[in-house]
């Protein structure tokens with residue numbers, strides 16, 4: 001598999017279709033993570049307040065979901081140049 005075509009101001013439509021296919025070929029769960037979105041696992045503290053669940057308490061499914069999201073984000077990062085990176089670098093979900 002080759003490196004994805006970099007996103008530029010003239011090829012978003014092509015890039016979007018290509019990235020869907022590219023990420024899906026690498027792993028279908030990575031693309032599913034991209035479509036569904038990802039958010040940090042939470043838990044109830046004192047049965048009242050939602051707080052971020054510590055990673056060492058994540059279930060196997062929560063770890064897998066986080067890993068798929070991280071891998072999909074990495075693929076996207078490799079397909080953009082630095083001028084676009086600043087717009088997406090703070091995103092938590094692919």
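Every number in this text was worked out from the coordinates using simple rules, so none of it is lab data. The structure displayed is predicted, hence computed values, not measured ones. Counting neighbours? That spans all protein chains shown, and the Cβs are built from the backbone with ideal geometry, glycine included.
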Per-residue ellipticity at 222 nm for the chain, helices alone: DSSP H runs ≥ 4 residues times -39500 (n - 2.57), over residue total, nearest 500 deg cm²/dmol? -16500 deg cm²/dmol
Rh_Kirkwood(the chain) over Cα pairs, Å, one decimal, evaluates to 14.7 Å
Against the longest alpha carbon principal axis of the chain, how many degrees, from 0 to 90 and to the nearest 10, is the axis of helix 60-78 turned? 30 degrees
At a 10 angstrom cut-off on C-beta neighbours, averaged per residue, how do the peptides 35-43, 21-29 rank from highest to lowest? 21-29, 35-43
